[in-house]
Every structure is written in C-alpha cells, then in structure tokens.
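Data block below; observations after.
The values are calculated or read from the model by the stated rules, or taken from the named source; none is laboratory data. These figures come from a predicted structure and were not determined experimentally. Methodologically, a virtual Cβ is constructed for each residue, glycine included, from the backbone with ideal geometry; neighbour enumeration extends over all protein chains shown.
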C-alpha cells in the first residue's frame, strides 16, 4: 500500500489551470496528477472559502486552498475547540467567581466538555481557563506521630482519643458527626476562622473568632450549635490548646456532645476538614488577616463551597446532601409526633 502524500502547491495550481482554463474534468485531473478522484474532489470541495456553495459560483483558489490545508493540519495537532462561546463564558465564570475545579465543571455543569477536553483547553491556554490554578497533588509523608511518639498525653485526651470513636462514625453511616479546625491569620494577628464540617454530607460552617481564648471558642461554638440545633452528636478535632482547654471541653460535655481527639501530628485522621480548608484558602489565601475579613465575605465563601459538586458525593453538592438530610429528619419527626398523638 502506497503511503499518502499531501497535495503540493504546484498540484493545486494545476487543478485550477486545468479545470478553469482547459475545462478538464476532476476525474481526468486526478488521472493526470496520479491521485485518486476522491482526493481531488475533497480538495476542491473543502479547501474553498464557501464549501457549501457550488464551485462554479465561488471558484477554487489554489493559494487559499494551500493556506486552508495548512491551517487544518495545525488545528488538528492543537485539537479543535468545539465548545460554544456561551459555554466557555460559563466555564470562565465558574473558574473566576466560584473557584470550581475542572472535574467540578465537567460533572457539575450541564452541556460542558468532559474533563479530558477541559484539560486540553487548559494546556492550550484558551482565555476561559486563563485564570485557572491547577491543584497540586499531595504525596503522603511519614506521619509526624511516628516521630513524636514521646509526647505526653493528658488523661482527658486519652479518654477521648479517636481510637475510641465508634466504627459507625468512622464509616460515615450516620449524619450529625462533625470535624473541627481553625484557620489562622499571619503571625501576630489573633483573629482566626473556626471551621466545622459534617462528615457524611460535607456541609461546612465557618465562624470568625477574634482570638483563640476559651471564651471566644465557647461563644463561637454556641453560635454554631444554635445554627445546627439538634444536628450535632459528636465533634472530632485535633489536640490544639484551643480545643483541649477545660472550658471548651466542659461546654461540649454539658451540651451532650462527644469529643474525639486525633493523635498528635496526624492531620490525615481528620482529612476531610483539611481538604475543605484548602478550598477555603482559595477565597482567603495564606497571609490573609481575618481581622479585616467581614462576616458577609465569610458567608459568601461558605455558600460557594457548600455548592461545590463533589466527586465523593457522586457530583452533588454538600448543600443538597445536607438539605436532603434535614428534610428526611423533619419527616421522621412528624411521623414520630403523629404516632404519639402529638401532631
């Protein structure tokens, strides 16, 4: 089988000369050039300014045909952009305004290209993805808990170790179990952001605190419990001094909330909230002083994050998952009241 060679510029001039001046048919031109008729037919059909119009009305131009063929080869190597301008506009807004990742866009928005295509567009640096920041893949390191085994543990922390957390919580079988952490300002600024996330739905709450003193933590936790009345059964957190002090521990105990502490230097034991903290950093980058951040800005970031379509939730959002939980909970409450004659 003979290898295919592209038409040359000289051959294109021969096609023009023979067809228009000598009135030779396309089939005879193909025989003269030693080409198949289909090659010549495709040449005069597709390498014209208007392939949809008859060749007699819009003539074949050898110079334009040569340029069009080269452009088509170049586009094939780059990969054609088949997405409509309106679709690319929605992609750009999702990246710039919502800080969505490419998998979120591909699975969480309708009528958008697939992940592979969007990554190809990113590589080509199309304007819609120009501000996209590709997330780095984190490689697991040796846990510092192995390095710091000699650290002493208080009796209270030992009694509430994550090792004693029930298996049902570990497997996320039920709602109402939360993880808690703090995101700090730069060194020298006391204001922080208290973050709590529900383990099963991934629903996130964020509360600004002026400092990490126990009175501020208790006040913020009370605000959180008022928002999530009856929805908090347990909280898993680290061994930071703000969470292990007597006032905070006593407050949670009085509220009948079980507390579980991760091992020292083991952030992976509450990996879900660490991952959500990374999403929060998209809105409040490192070195952001929370002293100047307003509650409205925090609420806006929380709403955006809770609307992220997440792969772990089968590309639904934490907000939708949370709302489903609340509606099911309300229906169960109504049934219980009806059974006891209270409705």
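Observations on the structure shown:
- Residue match in the range 215-230 (condition: surrounded by 20 or more Cβ atoms within 10 Å (Cβ to Cβ), more than 22 Å from residue 190 (Cβ to Cβ) and either modelled with pLDDT under 95 or touching a strand residue (DSSP E or B) at 6+ places or on another chain (Cβ under 8 Å) (or both)): no
- Flag if residue 311 is under 21 Å from residue 96 (Cα atoms), loosely packed, with under 14 Cβ neighbours inside 10 Å and in contact (Cβ under 8 Å) with a residue 12 or more places away in the chain: yes
- Here is the figure for the range 79-129: residues that are over 13 Å from the mean Cα position of the chain (by Cα), outside any helix (DSSP H, G or I) and within 16 Å of residue 282 (Cα to Cα) total 0.
- Qualifying helices (runs of 4 or more DSSP H) (wholly inside the range 229-325; at least 2 residues being under 18 Å from residue 156 (Cα atoms) and more than 26 Å from the chain's Cα centre (by Cα)): 241-244, 246-254
- Pairs linking a residue in the range 18-39 that is touching a residue at least 60 places away in the same chain (Cβ under 8 Å) and on the phi > 0 side of the Ramachandran plot to a residue that is part of a loop (DSSP other than H, G, I, E, B) and surrounded by fewer than 13 Cβ atoms within 10 Å (Cβ to Cβ), with Cβ atoms under 6 Å and 6 or more positions apart or on different chains, do not occur.
- Here is the figure for the range 19-38: residues that are buried (at least 16 other Cβ atoms within 10 Å of the Cβ) and under 20 Å from residue 51 (Cα atoms) total 4.
- Boolean, residue 151 is modelled with pLDDT under 95 and either surrounded by 15 or more Cβ atoms within 10 Å (Cβ to Cβ) or under 30 Å from the mean Cα position of the chain (by Cα) (or both): no
- Some residue of the range 31-50 being part of a loop (DSSP other than H, G, I, E, B), within 30 Å of residue 107 (Cβ to Cβ) and either modelled with pLDDT of 85 or more or touching a helix residue (DSSP H, G or I) at 6+ places or on another chain (Cβ under 8 Å) (or both): no
- Selection count, the range 296-307, where residues are more than 19 Å from residue 95 (Cβ to Cβ) and surrounded by 11 or more Cβ atoms within 10 Å (Cβ to Cβ): 4
- Residue within the range 193-209 that is free of Cβ contacts under 8 Å to residues at least 60 places away in the same chain and either more than 30 Å from the chain's Cα centre (by Cα) or closer than 19 Å to residue 171 by Cβ (or both) present: no
- Looking across 193, 173, one residue alone is outside any helix (DSSP H, G or I), touching a helix residue (DSSP H, G or I) at 6+ places or on another chain (Cβ under 8 Å) and at pLDDT 90 or above. It is 193.
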